[in-house]
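Structure first, commentary second.
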Amino acid sequence: MSLRHNQPILQFNKVEFTYADHRAFIDGLTFSLANGEFIGLLGANGSGKSTILKLACGILRPSAGSVSLWGKSLPAYRNKDRAKLLCYLPQLLDMQVPFRVRELVSMGLYPYDIPPGITVHEALELVGLTDKPDVFVTNLSGGERRRAFIAMTLLQEAGLILLDEPLANLDIKYQLELMKLLKNLQEKKNISIIMALHDINMALHFPKVMLIKEGSILSFGSPERVLTKDLLREAFDVGVDVRKDKTGGTYMSYEKNF
Amino acid sequence: MYKVKISTVLVIAASITFISLFLGPKLINPFALSVTEKNILLSIRLPRVIVAALVGSALGASGAILQGILRNPLADPYILGISSGAALAAALGLLSGSYLFCTFSTPLTAFIGALFVSLLVGLFGWKRGGILPERLLLAGIGLSFLFYALLMLLISISSDAEMRRAVLWIFGDLSLTDWSLIPYGFFLIISGLLLSISRAKALNALMLGDELAHSLGFSAHKERLLLFIAVALMTAASVALGGTIGFIGLLIPHIVRFLIGADNRALIPVSALCGGAFLCIADLIGKSIMHPAEIPSGIITAIIGAPYFLYLLRRKDVLTP
């Protein structure tokens with residue numbers, strides 16, 4: 001499929017969405033993303049991060065407005081064609097499945113009739129799981145399981161990867177490893193990644209951050225511009241400050257209120 | 001290695017099905033057939049083996065599919081109430097004296113009942129534009145209890161001998177099979193099998209959850225509906241052909257998963273073949289060991305299958321759909 005590289009890879013145009021139980025909402029969300037971006041979607045619990053990702057990949061349909069992918073309306077894609085351009089990993093990957101790592105990873109080829117190039121072994125190499133192709137997915141640790149699913153999306157060869165809170169429930173070591181892995185992949189393969197997260201510290205490491213509150217964009221841009229005390233207070237309702245130190249590490253301070 | 005494993009299982013299953021033609025209370029030597037033996041083989045043994053193979057295949061494949069779409073290792077084709085609905089329909093048909101279709105009456109009413117219940121359970125399980133696994137499971141269990149209660153009520157108020165015979169038939173009996181029903185059963189079960197095998201990738205993806213299935217390019221609602229239709233066709237046909245035979249739909253898929261893994265592209269066809277072969281053995285044992293009396297195949301399947309399953313359960317560490 002030929003992709004027009006000057007097109008925005010993902011575009012939200014006045015998107016509105018309300019759940020059936022009137023919980024949470026997206027009200028007139030508009031933004032567009034260029035190819036090759038690595039974006040942190042930051043917001044408090046219930047701010048609409050997951051909803052935005054689900055709208056972006058078509059799991060949820062907007063009640064008004066439109067979502068387009070490479071300049072074409074999302075519902076106009078056939079399921080299989082969309083899956084070659086865009087993939088989504090939900091937050092919870094703890095489902096009880098009887099598949100081995102190799103079987104799971106190879107499912108990334110399902111949208112294709114002819115495998116597009118990267119092999120299961122190469123994908124496992126990229127995520128550092130070459131020693132576990134025959135292990136059952138259920139027997140992996142949380143971090144390994146996350147990486148196995150990322151290997152699956154690599155086989156899918158999609159240009160845009162949406163990750164819903166992949167860092168949640170991981171030790172700091174695995175959080176940093178996963179960030180490194182994603183950053184490497186993003187640069188090496190020139191793919192775009194949007195990652196929902198609620199860890200303000202980690203958001204500092206993204207080239208661009210989209211700060212969300214109640215389903216709308218509070219601020220969008222470089223972390224220095226977005227992660228200010230005022231904006232963070234508005235988004236999280238807590239006095240909080242984050243900074244980078246000389247080594248590039250981050251520290252966060254917050255007002256104790258208990 | 002994987003292919004060798006699958007081929008081995010397939011060859012064993014196919015050989016068992018074939019050999020069971022010549023075994024039984026009376027052994028038949030395929031190389032020296034007398035006229036009587038040829039008659040026995042063609043008009044009694046062959047249809048019975050075909051029915052056993054068809055019913056077993058339908059149950060084995062349906063079990064594998066349902067455990068996948070319901071994401072529940074305890075699912076089997078009967079959990080959705082399809083068999084109890086079929087039994088109730090057959091009983092009602094007999095009670096109201098509908099001998100309209102002569103030899104077909106009981107299987108036909110059972111089949112219509114099974115399809116009707118499938119539709120009902122599908123409707124109860126339907127919400128937000130598709131079948132939801134949890135709803136489908138609960139609807140099936142609810143309907144199942146209702147139909148069994150009504151069936152028991154019918155049995156308890158009826159003294160009709162014909163009725164009792166039908167109830168026995170419904171609970172798994174292959175002794176009355178002949179050629180007449182086989183073409184219909186064959187068509188329905190093979191259609192269901194082909195439909196489900198063609199959707200096996202989608203079933204693998206569905207087992208990861210609807211959202212991941214979507215991400216991999218499948219419409220979860222559409223795929224689940226197609227797989228459910230395949231299960232309904234196969235289960236309805238198998239109940240109409242051979243009544244309710246336990247164990248196969250629940251445990252054969254687990255045994256096959258232990259042996260060859262969980263990829264549904266292999267699991268569905270291999271479960272079908274193993275289910276068929278297994279019911280052939282069970283039927284062979286059931287009709288031979290207390291000859292001329294017959295033990296219903298459903299009892300044999302459980303008695304020889306369950307210990308093997310428990311043995312595998314001790315040795316391997318995976319028991320998930």
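The values are calculated or read from the model by the stated rules, or taken from the named source; none is laboratory data. Predicted, not measured: the structure shown is a model, and the values here were computed from it. So basically every Cβ, Gly included, is an ideal-geometry build from the backbone, and we count neighbours across all protein chains shown.
Please indicate, with yes or no, whether at least one residue in the range A:104-114 is in contact with a strand residue (DSSP E or B) (Cβ under 6 Å, 6 or more places away or on another chain) and either at the interface with chain B (Cβ under 9 Å from one of its Cβ atoms) or hydrophobic (A, V, I, L, M, F, W, C) (or both).
As a first pass, look at the range A:104-114 and keep what is in contact with a strand residue (DSSP E or B) (Cβ under 6 Å, 6 or more places away or on another chain): none.
Checked against the condition, which is being in contact with a strand residue (DSSP E or B) (Cβ under 6 Å, 6 or more places away or on another chain) and either at the interface with chain B (Cβ under 9 Å from one of its Cβ atoms) or hydrophobic (A, V, I, L, M, F, W, C) (or both), the range A:104-114 yields no hits at all.
Residues of the range A:138-156 being crowded, with 24+ Cβ neighbours inside 10 Å and small (Gly, Ala, Ser), which ones?
A:Ala148, A:Ala151
So which residues in the range A:14-33 are away from chain B (no Cβ under 14 Å), part of a loop (DSSP other than H, G, I, E, B) and free of Cβ contacts under 8 Å to residues at least 60 places away in the same chain, if there are any at all? Can you show your working first?
Pass one, the range A:14-33, residues away from chain B (no Cβ under 14 Å): A:14-18, A:22-33.
Those still in the list that are part of a loop (DSSP other than H, G, I, E, B) too: A:22-24.
Result: A:His22, A:Arg23.
Only one of A:Leu60, A:Leu69 is touching a Ser or Thr at 6+ places or on another chain (Cβ under 8 Å) and either modelled with pLDDT of 95 or more or over 17 Å from A:Phe149 (Cβ atoms) (or both); which?
On the way: A:Leu69 fails: touching a Ser or Thr at 6+ places or on another chain (Cβ under 8 Å).
Answer to the check: A:Leu60.
Within the range A:198-212, take every residue that is outside any helix (DSSP H, G or I) and touching a strand residue (DSSP E or B) at 6+ places or on another chain (Cβ under 6 Å) and give me the one that is modelled with the lowest pLDDT.
The qualifying residue modelled with the lowest pLDDT is A:Leu204.
A:Leu155: in contact with a Phe, Trp or Tyr (Cβ under 7 Å, 6 or more places away or on another chain) and at pLDDT 90 or above, yes or no? Quick ask: steps written out before the conclusion?
Details: in contact with a Phe, Trp or Tyr (Cβ under 7 Å, 6 or more places away or on another chain): no; at pLDDT 90 or above: yes.
Answer is no for this residue.
Out of B:Leu194, B:Leu188, B:Leu154, B:Leu174, I need the residue that is away from chain A (no Cβ under 14 Å), modelled with pLDDT under 90 and in a helix (DSSP H, G or I). Which one? Let's see the steps before the verdict.
On the way: B:Leu194 fails: modelled with pLDDT under 90; B:Leu188 fails: modelled with pLDDT under 90; B:Leu174 fails: in a helix (DSSP H, G or I).
Among B:Leu194, B:Leu188, B:Leu154, B:Leu174, only B:Leu154 is away from chain A (no Cβ under 14 Å), modelled with pLDDT under 90 and in a helix (DSSP H, G or I).
When you go through (1) touching an Asp or Glu at 6+ places or on another chain (Cβ under 8 Å); (2) within 14 Å of chain B (Cβ to nearest Cβ) one by one for A:Leu129, which number turns out not to apply?
For A:Leu129, the exception is condition (2).
State yes or no: is B:Gly249 farther than 30 Å from A:Cys57 by Cα and modelled with pLDDT under 85? Talk me through it step by step, then tell me what you get.
On the way: farther than 30 Å from A:Cys57 by Cα: yes; modelled with pLDDT under 85: no.
In short, no.
Mind checking which residues of the range A:182-197 are crowded, with 17+ Cβ neighbours inside 10 Å and either at pLDDT below 90 or not in a strand (DSSP E or B) (or both)?
Within the range A:182-197, the subset crowded, with 17+ Cβ neighbours inside 10 Å is A:182, A:185-186, A:191-197.
Of everything in the range A:182-197, those that are crowded, with 17+ Cβ neighbours inside 10 Å and either at pLDDT below 90 or not in a strand (DSSP E or B) (or both) turn out to be A:Leu182, A:Leu185, A:Gln186, A:Ile191.
Test A:Gly46 against the stated conditions and say whether it is more than 13 Å from chain B (Cβ to nearest Cβ) and either of a type in the set (Phe, Trp, Tyr) or at positive phi (or both). Explain how you work it out, then say what you get.
On the way: more than 13 Å from chain B (Cβ to nearest Cβ): yes; either of a type in the set (Phe, Trp, Tyr) or at positive phi (or both): yes.
Here the answer is yes, as A:Gly46 does meet what is asked.
Just for the range A:52-86: of the residues that are among the β-branched types (Val, Ile, Thr) and more than 10 Å from chain B (Cβ to nearest Cβ), which one is surrounded by the fewest Cβ atoms within 10 Å (Cβ to Cβ)? Show your work before the answer.
In the first step, residues of the range A:52-86 are kept if they are among the β-branched types (Val, Ile, Thr); the result is A:52, A:59, A:67.
Keeping just the survivors that are more than 10 Å from chain B (Cβ to nearest Cβ) gives A:52, A:67.
Working: A:Ile52: 27, A:Val67: 21.
Filtering first and then ranking leaves A:Val67.
Can you confirm whether B:Ala277 is free of Cβ contacts under 8 Å to residues at least 24 places away in the same chain and not basic (Lys, Arg)?
Values: free of Cβ contacts under 8 Å to residues at least 24 places away in the same chain: no; not basic (Lys, Arg): yes.
No.
Somewhere in the range B:222-244, is a residue assigned to a loop (DSSP other than H, G, I, E, B), out of contact with any Pro (no Cβ under 9 Å at 6 or more places or on another chain) and under 14 Å from B:Gly63 (Cα atoms)?
Initially, the range B:222-244 is screened for residues assigned to a loop (DSSP other than H, G, I, E, B), giving B:243-244.
Of the ones still in play, those that are also out of contact with any Pro (no Cβ under 9 Å at 6 or more places or on another chain) are B:244.
Among the residues that remain, those that are also under 14 Å from B:Gly63 (Cα atoms) are: B:244.
Yes, some residue in the range B:222-244 is assigned to a loop (DSSP other than H, G, I, E, B), out of contact with any Pro (no Cβ under 9 Å at 6 or more places or on another chain) and under 14 Å from B:Gly63 (Cα atoms).
Take the residues of the range A:164-190 that are touching a residue at least 12 places away in the same chain (Cβ under 8 Å) and among the hydrophobic types (A, V, I, L, M, F, W, C): which is nearest to A:Lys84 (Cα to Cα)?
A:Leu185
Could you check the range B:197-211 and list, in sequence order, the residues that are more than 7 Å from chain A (Cβ to nearest Cβ) and assigned to a helix (DSSP H, G or I)? Can you show your working first?
Our first condition is that a residue be more than 7 Å from chain A (Cβ to nearest Cβ); within the range B:197-211, this holds for B:197-200, B:202-203, B:206, B:210.
If the condition is that a residue be more than 7 Å from chain A (Cβ to nearest Cβ) and assigned to a helix (DSSP H, G or I), then B:Ile197, B:Ser198, B:Ala200, B:Ala202, B:Leu203, B:Leu206, B:Asp210 are the ones that fit.
Table: residues versus (1) among the β-branched types (Val, Ile, Thr); (2) surrounded by fewer than 22 Cβ atoms within 10 Å (Cβ to Cβ); (3) more than 29 Å from B:Ile155 (Cα to Cα).
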{"site": "B:Gly60", "(1), (2), (3)": "no, no, yes"}
{"site": "B:Gly63", "(1), (2), (3)": "no, no, no"}
{"site": "B:Ile69", "(1), (2), (3)": "yes, no, yes"}
{"site": "B:Leu108", "(1), (2), (3)": "no, yes, no"}
{"site": "B:Leu120", "(1), (2), (3)": "no, yes, no"}
{"site": "B:Gly129", "(1), (2), (3)": "no, yes, yes"}
{"site": "B:Leu136", "(1), (2), (3)": "no, no, no"}
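So, in the range A:1-27, how many residues would count as being surrounded by 15 or more Cβ atoms within 10 Å (Cβ to Cβ), over 20 Å from the mean Cα position of the chain (by Cα) and either closer than 15 Å to A:Cys57 by Cα or modelled with pLDDT of 90 or more (or both)?
Final tally of qualifying residues: 1.
So for the range A:205-213 (the condition being aliphatic (A, V, I, L, M) and either within 14 Å of chain B (Cβ to nearest Cβ) or free of Cβ contacts under 8 Å to residues at least 24 places away in the same chain (or both)), does at least one residue qualify?
Going residue by residue through the range A:205-213, those that are aliphatic (A, V, I, L, M) are A:209-212.
Pick out the ones that are also either within 14 Å of chain B (Cβ to nearest Cβ) or free of Cβ contacts under 8 Å to residues at least 24 places away in the same chain (or both) and you get none.
Checked against the condition, which is being aliphatic (A, V, I, L, M) and either within 14 Å of chain B (Cβ to nearest Cβ) or free of Cβ contacts under 8 Å to residues at least 24 places away in the same chain (or both), the range A:205-213 yields no hits at all.
Pairs under 6 Å by beta carbon, first residue more than 12 Å from every other protein chain (Cβ to nearest Cβ) and closer than 18 Å to A:Ala83 by Cβ in the range A:143-163, partner crowded, with 24+ Cβ neighbours inside 10 Å and polar (S, T, N, Q), six or more apart or different chains?
Sorted first by the residue in the range A:143-163, then by its partner, the list stays empty.
Which one is farthest from B:Gly93 (Cα to Cα) among residues in the range B:138-159 that are surrounded by 12 or more Cβ atoms within 10 Å (Cβ to Cβ) and among the β-branched types (Val, Ile, Thr)?
Ranking the qualifying residues of the range B:138-159, first place goes to B:Ile141.
Regarding B:Ser20, is this residue of a type outside the set (Val, Ile, Thr), out of contact with any Leu (no Cβ under 9 Å at 6 or more places or on another chain) and surrounded by 12 or more Cβ atoms within 10 Å (Cβ to Cβ)? Before you say what the answer is, go through the steps one by one.
Numbers: of a type outside the set (Val, Ile, Thr): yes; out of contact with any Leu (no Cβ under 9 Å at 6 or more places or on another chain): no; surrounded by 12 or more Cβ atoms within 10 Å (Cβ to Cβ): yes.
Against the criterion (of a type outside the set (Val, Ile, Thr), out of contact with any Leu (no Cβ under 9 Å at 6 or more places or on another chain) and surrounded by 12 or more Cβ atoms within 10 Å (Cβ to Cβ)), B:Ser20 does not qualify.
Return only the number of the condition from (1) more than 14 Å from chain B (Cβ to nearest Cβ); (2) within 25 Å of A:Cys57 (Cα to Cα) that A:Leu89 does not satisfy.
(1)
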